[in-house]
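The values are calculated or read from the model by the stated rules, or taken from the named source; none is laboratory data. Keep in mind that this is a model prediction, so the values were computed, not measured. As a convention, Cβ positions derive from the backbone with ideal geometry for all residues, glycine included, and neighbour counts pool all protein chains shown. Note: accessible area is taken over every heavy atom of the protein model, side chains too, but ligands, DNA and RNA are not part of it. Shrake-Rupley method; radii C 1.70, N 1.55, O 1.52, S 1.80 Å.
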Amino acid sequence: MTGRTSLTIVLAAGEGTRMRSSTPKVLHQVASQSLLGHVLAAAPHGAGSALAVVVGPDRQDVADEARRVRPDAATFIQHERLGTAHAVLAAKDAIAKGADDLLIAFGDTPLISAETFERLRAPLKAGAALTVLGFRAADPTGYGRLLVEGDQLVAIREHADATAAERAVDLCNAGVMAFAGKTALAIIEQIGTSNSKGEYYLTDAVEIVRSMGLRASVIETGEDEVRGINTKAQLAEAEAIMQARLRKAALDAGVTIVAPETVHLAADTTFGNDVTIEQYVVIGPGVSIADGAVIHAFSHIVQAAIGKKASIGPYARIRPGTSVGEGARIGNFVEAKAAILEAGVKVNHLTYVGDTHIGAGANIGAGTITCNYDGFNKHKTIIGAGAFVGSNSSLVAPVKIGTGAYIGSGSVITRDVPDDALAVERNEVSTKEGWGKRFRDKNAANKKPK
Ligand code: UD1
Ligand code: MG
């Protein structure tokens with residue numbers, strides 16, 4: 001909203017015990033991004049938009065994630081978990097800076113959108129002291145109920161404290177609120193603990209606003225946007241909603257997705273024009289797919305850049321740090337890790353390329369393995385442009401195959417091969433008694449009658 005500054009406080013100090021996990025609740029992921037990350041991504045950005053995240057004690061991991069997603073985020077620790085209003089006051093120093101709008105959101109509602117934050121701010125501009133995000137719950141049990149008179153919000157009643165008549169109300173508190181900055185602190189500091197749980201309820205702000213002769217109102221949204229995550233089942237539901245959203249956005253942007261319900265995307269996946277994705281493709285975080293690329297069925301891609309008109313799969317595994325050049329082809333049962341494939345490279349069948357740079361137009365035959373790990377360290381394989389690596393070759397890294405070099409099938413390459421050279425298989429024959437005899441002896445022993 002032009003001209004108005006904001007502070008968004010995201011509450012993330014909850015314990016999340018119902019997740020039954022050693023990972024803090026807000027660090028669980030939906031579409032390969034943490035719940036907290038989704039909320040922070042939707043919160044107002046840019047000049048005049050400050051951000052504060054309230055974390056529990058000893059939750060450096062949550063603070064680190066906040067700063068990873070939004071380096072501008074300030075973090076505050078809530079030392080004791082005494083309720084949502086108490087959590088907000090952990091960020092009192094940030095509130096005291098006096099932004100025009102104070103927004104409060106929960107770190108466990110990952111489906112919230114940037115537009116909703118903006119809608120919530122609109123009534124503040126028109127003079128309201130508080131706006132609360134509401135939704136019609138299919139099952140309101142457990143939520144705070146929004147009690148309205150005309151267009152005014154008069155109270156929020158927590159489920160535990162509600163009368164039977166109040167429990168019949170299906171308009172519920174989503175947990176996202178917007179306060180006019182100039183009165184916010186005076187309101188929140190008046191909140192006490194006279195409720196059945198003895199906690200400082202942020203929801204009590206509504207009645208305080210009214211007692212001060214100020215106005216509070218409700219902005220409604222759909223239930224799907226404000227689902228809070230408390231259990232693994234709810235996490236899976238949110239994943240399904242987010243996947244449906246991401247697929248629709250991709251389809252709307254012109255991506256051909258043959259069987260959308262079988263394709264899994266990440267919140268940060270980017271597509272060029274005329275991309276095609278076949279059935280049962282899983283795309284993890286950090287993937288970009290450029291114009292005209294085709295991802296064939298049953299491929300799995302994480303932290304990789306797929307170039308223009310490249311072809312991946314079917315059944316390919318593209319791991320972090322891989323970059324596939326224009327028109328390059330990665331075929332079935334190929335695994336690539338930290339592999340740079342320049343334009344037109346072909347790695348068509350049954351191959352592992354790891355910690356590898358492959359020059360333009362090189363052809364890597366079926367069954368080629370870059371032996372990048374010697375049991376202690378990882379080493380690089382460099383393959384020059386236009387090189388030909390015959391089937392079933394092992395390239396023992398560190399090793400360099402020259403430009404235009406030709407590797408005969410079945411070779412084990414342990415030394416660098418110069419440009420345009422031919423290297424053929426290593427066929428070492430030993431006449432000494434060894435494995436052959438041991439194997440025969442073993443078989444003979446097994447054949448002895450019992
Ligand atoms: C809250 C609302 C309820 C609303 C519901 C929506 C209050 C009093 N109640 O209830 O009206 O319908 O959310 O999901 O606000 N948190 C802290 N520190 C605390 C307490 C909570 O950081 O001391 C954080 C939690 O991590 C969570 C959020 O605040 O992100 C909400 O807390 P939670 O305990 O889930 O509140 P609800 O009982 O669900
Ligand atoms: Mg909750």
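Quick one: in region 5-40, of everything that is open to solvent by 20 Å² or more (accessible area, probe 1.4 Å), more than 14 Å from MET242 (Cα to Cα) and away from ligand 1 (no atom under 15 Å from the Cβ), which residue is modelled with the highest pLDDT?
This residue is THR5.
Every residue, every condition in (1) over 23 Å from GLY286 (Cβ atoms); (2) touching a helix residue (DSSP H, G or I) at 6+ places or on another chain (Cβ under 7 Å); (3) assigned to a loop (DSSP other than H, G, I, E, B), yes or no:
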| position | (1), (2), (3) |
| --- | --- |
| GLU15 | yes, no, yes |
| SER22 | yes, no, yes |
| VAL39 | no, no, no |
| ALA50 | yes, yes, no |
| ASP61 | no, yes, no |
| ALA74 | yes, yes, no |
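Cβ contacts < 8 Å: first residue closer than 20 Å to SER32 by Cβ, restricted to region 263-278; second residue open to solvent by 60 Å² or more (accessible area, probe 1.4 Å) and assigned to a strand (DSSP E or B), any location; separation 6+ or different chain. Result?
Once the first residue is closer than 20 Å to SER32 by Cβ and sits in region 263-278, its partners that are open to solvent by 60 Å² or more (accessible area, probe 1.4 Å) and assigned to a strand (DSSP E or B) give VAL275/THR256; ILE277/THR256.
If you check GLY198, GLY213, which single one turns out to be open to solvent by 40 Å² or more (accessible area, probe 1.4 Å), within 14 Å of ligand 1 (Cβ to nearest atom), under 30 Å from LYS92 (Cα atoms) and not in a helix (DSSP H, G or I)?
On the way: GLY213 fails: within 14 Å of ligand 1 (Cβ to nearest atom).
Going through GLY198, GLY213 in turn, the sole match is GLY198.
Identify the residue in region 265-294 that is open to solvent by 30 Å² or more (accessible area, probe 1.4 Å) and assigned to a strand (DSSP E or B) and, among all such residues, is nearest to SER323 (Cα to Cα).
Out of the qualifying residues, it is SER288.
Restricting attention to region 125-147, report how many residues are of a type outside the set (Ser, Thr, Tyr) and open to solvent by less than 10 Å² (accessible area, probe 1.4 Å).
First, the residues of region 125-147 that are of a type outside the set (Ser, Thr, Tyr): 125-130, 132-140, 142, 144-147.
This time we only want the ones that are open to solvent by less than 10 Å² (accessible area, probe 1.4 Å), so: 128-130, 132-135, 137, 144-146.
Going through region 125-147 one residue at a time, the tally reaches 11.
If we keep just the residues of region 78-113 that are among the small types (Gly, Ala, Ser) and part of a loop (DSSP other than H, G, I, E, B), which is nearest to GLY134 (Cα to Cα)?
SER113
Hey, among the residues in region 216-255 that are of a type in the set (Asp, Glu) and either away from ligand 1 (no atom under 13 Å from the Cβ) or within 17 Å of the chain's Cα centre (by Cα) (or both), which one's surrounded by the fewest Cβ atoms within 10 Å (Cβ to Cβ)?
Quick first cut of region 216-255, residues of a type in the set (Asp, Glu) only: 220, 223-225, 237, 239, 252.
Within this subset, residues satisfying the condition of being either away from ligand 1 (no atom under 13 Å from the Cβ) or within 17 Å of the chain's Cα centre (by Cα) (or both) are 220, 224, 237, 239, 252.
Details: GLU220: 13, ASP224: 14, GLU237: 16, GLU239: 18, ASP252: 8.
So the residue we want is ASP252.
Can you pull out the residues in region 337-375 that are surrounded by fewer than 23 Cβ atoms within 10 Å (Cβ to Cβ), at negative phi and part of a strand (DSSP E or B)?
Of everything in region 337-375, those that are surrounded by fewer than 23 Cβ atoms within 10 Å (Cβ to Cβ), at negative phi and part of a strand (DSSP E or B) turn out to be LYS337, ILE340, LYS346, ASN348, HIS349, TYR352, GLY354, HIS357, ASN363, ILE369, CYS371, TYR373.
Can you run down the residue pairs with Cβ atoms below 6 Å, 6 or more apart or on separate chains, where the first is in region 72-92 and among the aromatic types (Phe, Trp, Tyr) and the partner is within 6 Å of ligand 1 (Cβ to nearest atom) and open to solvent by less than 50 Å² (accessible area, probe 1.4 Å)?
PHE76/VAL54
Can you tell me which residue within region 177-197, out of those that are more than 36 Å from the chain's Cα centre (by Cα) and among the small types (Gly, Ala, Ser), is nearest to GLU237 (Cα to Cα)?
Of everything passing the filter in region 177-197, SER196 is nearest to GLU237 (Cα to Cα).
Each row is one residue, and each column tells you yes or no for (1) over 18 Å from GLY313 (Cα atoms); (2) within 16 Å of ligand 2 (Cβ to nearest atom); (3) of a type in the set (A, V, I, L, M, F, W, C).
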residue: ALA233; (1), (2), (3): yes, yes, yes
residue: LEU246; (1), (2), (3): yes, no, yes
residue: ALA249; (1), (2), (3): yes, no, yes
residue: VAL255; (1), (2), (3): no, no, yes
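Does HIS79 satisfy the criteria of being within 16 Å of ligand 2 (Cβ to nearest atom), over 24 Å from the mean Cα position of the chain (by Cα) and not hydroxyl-bearing (Ser, Thr, Tyr)?
Details: within 16 Å of ligand 2 (Cβ to nearest atom): no; over 24 Å from the mean Cα position of the chain (by Cα): yes; not hydroxyl-bearing (Ser, Thr, Tyr): yes.
So HIS79 fails the test.
Any residue that is touching a strand residue (DSSP E or B) at 6+ places or on another chain (Cβ under 8 Å) and either open to solvent by 80 Å² or more (accessible area, probe 1.4 Å) or of a type outside the set (D, E, K, R) (or both) - is there at least one of those in region 426-440?
yes
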